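A short worksheet on the structure shown next.
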Amino acid sequence: MQGTIYPAKPDHVFGRDAEWKGLVSFASDARPGAALGVVSGRRRQGKSYLLQALAASMGGIYLPALELTEAISLRLFADELVRFSGSPVRPFRDWLEAVPYLFQVTADRVIPVVLDEFPFLVKASPELPSTIQRELGPGGTGTTSQARLLLCGSAMSVMGGLLSGRAPLRGRASLELVVQPFGYVEAAQFWGISDPRLAVLMHSVIGGTPAYRRELVREDSPAGITVAVSR
């Protein structure tokens, strides 16, 4: 939109320019009413890293769901809303109370709201997608909200099913983003490798999964190719 100033991608986020542009455009859309986005992709591709950066850059809400009971998940959600609003939040009995409250406290400004690892929440509360659908629909609290709700997950069967067939949220999402592994060239840049041969070898072994650099090899990157000579 003309006159809109989008937050720049943080320096610590490598690449993902197209993904950042899509997320920021969605999260900054000033049209009235809540909006829904779905972010998916295999594990270790940087989805959470990207969405955490988005929420931090825009003063948003970020809930990293865990494989917990509904009651504990609701308590953690309430804690995050307290952090966001600065006001006390009474305990939620269920998502039928929590989702409308979320939309009510995000009525005054455009804000990204990230529910990360959404399949964990659905596992404990199968009715959650239907609850969100109801509040996004006519007469729901989402009609007066400015929340830009982003549901994220790595369980591709669950995430793919959110918007398919007769699923409650089908036709509701204005953003569908799949975070893919880095391509060969971008992976080489990420690892700081300039030797094309070494880059090919690295990509053939680990592909373009960015988290491997930090989690598996702890920032250790090969300096070159060593050829073993048998005697």
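What follows draws every value from the coordinates through simple rules; no lab data is involved. Worth saying up front: this structure is predicted, and the values here are computed from it rather than measured. Neighbour counts are summed over all protein chains in view; Cβ atoms, including those assigned to glycine, are modelled from backbone coordinates with ideal geometry.
Taking label points 7 Å from Cα along the Cα-to-Cβ direction, residue 206 and residue 18 give a separation of 2.3 nm. For region 149-154, putting each phi into the Karplus relation 6.51 cos²θ - 1.76 cosθ + 1.60 with θ = phi - 60° gives couplings of 7, 10, 9, 10, x, 9 Hz, in residue order, rounded to whole numbers and with x for Gly and Pro. A simple rule links phi to the HN-Hα coupling: the Karplus curve 6.51 cos²θ - 1.76 cosθ + 1.60 with θ = phi - 60°, which for region 198-209 gives 5, 4, 5, 4, 4, 5, 6, 8, 10, x, x, 7 Hz, with x for Gly and Pro.
Quick one: Cα centre-to-centre distance for region 162-219 and region 103-147, in angstrom? Cα centroid to Cα centroid, the span is 28 Å. Contact order, relative form, for the chain: 26 percent (alpha carbon pairs under 8 Å, 6 or more residues apart, mean separation divided by residue count).
Close amide-amide hydrogen proximity is noted between residue 150 and 37, 113, 114, 115, each under 5 Å apart and 5 or more residues distant or on a separate chain (H modeled in the peptide plane; Pro and chain starts excluded).
Taking 0.36 nm per residue of separation and subtracting the Cα-Cα distance, full extension of the segment from residue 87 to residue 170 would add 26.5 nm. Going through (i) 19.2; (ii) 18.1; (iii) 20.7, the figure that equals Kirkwood radius over Cα pairs in Å as computed for the structure here is (i). Within the chain, the longest run free of GluC sites (Glu not before Pro) that sit in a DSSP loop with at most 15 other Cβ atoms within 10 Å is 128-218.
Between the beta carbons of residue 123 and residue 143, assuming R0 = 22 Å, the FRET efficiency works out to 0.15 to the nearest 0.05.
Residues in region 31-44 carry Karplus couplings, in order, of 5, x, x, 5, 10, 10, x, 10, 10, 9, x, 5, 4, 6 Hz; the curve used is 6.51 cos²θ - 1.76 cosθ + 1.60 with θ = phi - 60°, and Gly or Pro positions show x. Cβ-to-Cβ counts within 10 Å put 191, 95 in ascending order as 191, 95, the fewest first.
Per-residue extension of 0.36 nm, minus the Cα-Cα distance of residue 11 and residue 43, leaves a gain of 9.3 nm for this segment.
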